[in-house]
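Asker: My structure is below; once you've seen it, I'll send some questions.
The values are calculated or read from the model by the stated rules, or taken from the named source; none is laboratory data. All values derive from a computational prediction rather than experimental measurement. In this analysis, Cβ positions are derived from the backbone assuming ideal geometry, glycine residues included, and neighbour counts consider all displayed protein chains. Accessible surface areas use protein heavy atoms only, side chains included; no ligands, DNA or RNA. Shrake-Rupley method; radii C 1.70, N 1.55, O 1.52, S 1.80 Å.
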Amino acid sequence: MSEYRTIGFIGLGVMGEPICRNLTKKSGKRVLAFDLSPEPLARLRTDGADVAASVADVVKQSELLFLCLPSARHVRAVFEGEGILKNIRSGQVVVDLGTSSVSQTRDFARQLQAKGADWADAPIARTRQAAQDGTLSVMVGTTPARYAVIEPLIRCFATDVTHCGEVGAGQVTKILNNMVLFETVNALAEAVAVAKHNGVDPKLLLDTLSKGSADSFALRNHGMKAIVPGNFPERAFSTEYALKDLSYALELATEAGLKIRGAELVGTILQEAIDAGSGDNYFPVIAKHIDRL
């Protein structure tokens, strides 16, 4: 990572702020941050990051730029207009840490390639605590040569970094990871609801399942820490974001001519939770609505 003197970072939300903080503390590089909210910028300035005035300012001053934004729509907003595409220079690299549309990812990569720049998709997985601890899992789509150069930077905030293939492959892998997660959390929510109404303690149920073939990361984290205590805060991975990510999986399936019924059903369940007013809540909140039914 010696060729990069200034690392840009756009998007300082729940995951972006701690990731940017780890980069600032561990990379040995100048980190230039930007967000529409002044509060995380003030905190990161205290930690040693510099603050940019705009997206264009970040692009003009950095050699490599990380994006950590909520959706494909937000990524497009910083890519177009006065943002990335207008100001990108030959040799620059943009690394998208968010979960985003595969078709958009590959389209942006083609547009940057025409200007001599690179786009890499590197969507992140795991929890907010993992972002703070620097123990995220990252799935990367880029050329082998570019991966070798950016991997050391990614390891400032991740312990598991996987090169999944060319541009777009990281997004495909992460989208399918989330699809499986949402379907598993729905199964846990249904199991807890049935157990509760048949006199079996939900905590005992999941403790017992964790000792058998139903054990999973989802059970130990989303099940035990959210579904059982009924803890569905805002400013976590919301139901709206979950449905957004699932829509990318359904889009991939449609393009491949596949009908993925489990994912379609979970999409309906997530939409029902949103319609019931839980769109901003942590997505295992679907358990609350299953129980109500």
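Asker: Which one of these is part of a loop (DSSP other than H, G, I, E, B) and open to solvent by less than 50 Å² (accessible area, probe 1.4 Å): VAL192, VAL167? Spell out how you get there, then give the answer.
Answerer: Working: VAL192 fails: part of a loop (DSSP other than H, G, I, E, B).
When all the criteria are applied, what remains is VAL167.
Asker: Just to be sure, is THR162 free of Cβ contacts under 8 Å to residues at least 60 places away in the same chain, over 30 Å from PRO229 (Cβ atoms), of a type outside the set (Asp, Glu) and not in a loop (DSSP other than H, G, I, E, B)?
Answerer: yes
Asker: State which residue is nearest to the chain's Cα centre (by Cα) when the search covers only the range 82-104 and only residues that are over 16 Å from LEU67 (Cα atoms) and among the small types (Gly, Ala, Ser).
Answerer: Going through the qualifying residues, I end up with SER103.
Asker: What residue, of VAL51, VAL94, is modelled with pLDDT of 95 or more and buried (at least 23 other Cβ atoms within 10 Å of the Cβ)? Spell out how you get there, then give the answer.
Answerer: Values: VAL51 fails: buried (at least 23 other Cβ atoms within 10 Å of the Cβ).
Of VAL51, VAL94, the one residue that is modelled with pLDDT of 95 or more and buried (at least 23 other Cβ atoms within 10 Å of the Cβ) is VAL94.
Asker: Shifting gears a bit: Residue check: is ASP160 farther than 29 Å from GLN271 by Cβ and either open to solvent by less than 30 Å² (accessible area, probe 1.4 Å) or at pLDDT 95 or above (or both)?
Answerer: yes
Asker: If I ask for residues that are of a type in the set (Asp, Glu) and under 22 Å from ALA263 (Cβ atoms), which ones from the range 180-230 would you list?
Answerer: Once the filter is applied, which keeps residues that are of a type in the set (Asp, Glu) and under 22 Å from ALA263 (Cβ atoms), the range 180-230 yields GLU183, GLU190.
Asker: Another question, if that's okay. Give, as residue ranges, the helices (runs of 4 or more DSSP H) completely inside the range 1-102 that count at least 2 residues that are under 25 Å from ALA236 (Cα atoms).
Answerer: Qualifying helices (runs of 4 or more DSSP H): 16-26, 38-46, 72-79.
Asker: Which ones in the range 74-86 are over 16 Å from SER37 (Cα atoms), surrounded by 16 or more Cβ atoms within 10 Å (Cβ to Cβ) and not basic (Lys, Arg)?
Answerer: Answer for the range 74-86, where residues must be over 16 Å from SER37 (Cα atoms), surrounded by 16 or more Cβ atoms within 10 Å (Cβ to Cβ) and not basic (Lys, Arg): VAL75, PHE79, GLY83, ILE84, LEU85.
Asker: Let me ask another. For the condition buried (at least 23 other Cβ atoms within 10 Å of the Cβ), in contact (Cβ under 8 Å) with a residue 24 or more places away in the chain and closer than 30 Å to ASN221 by Cα, what is the one hit in SER62, SER71, SER100?
Answerer: SER100
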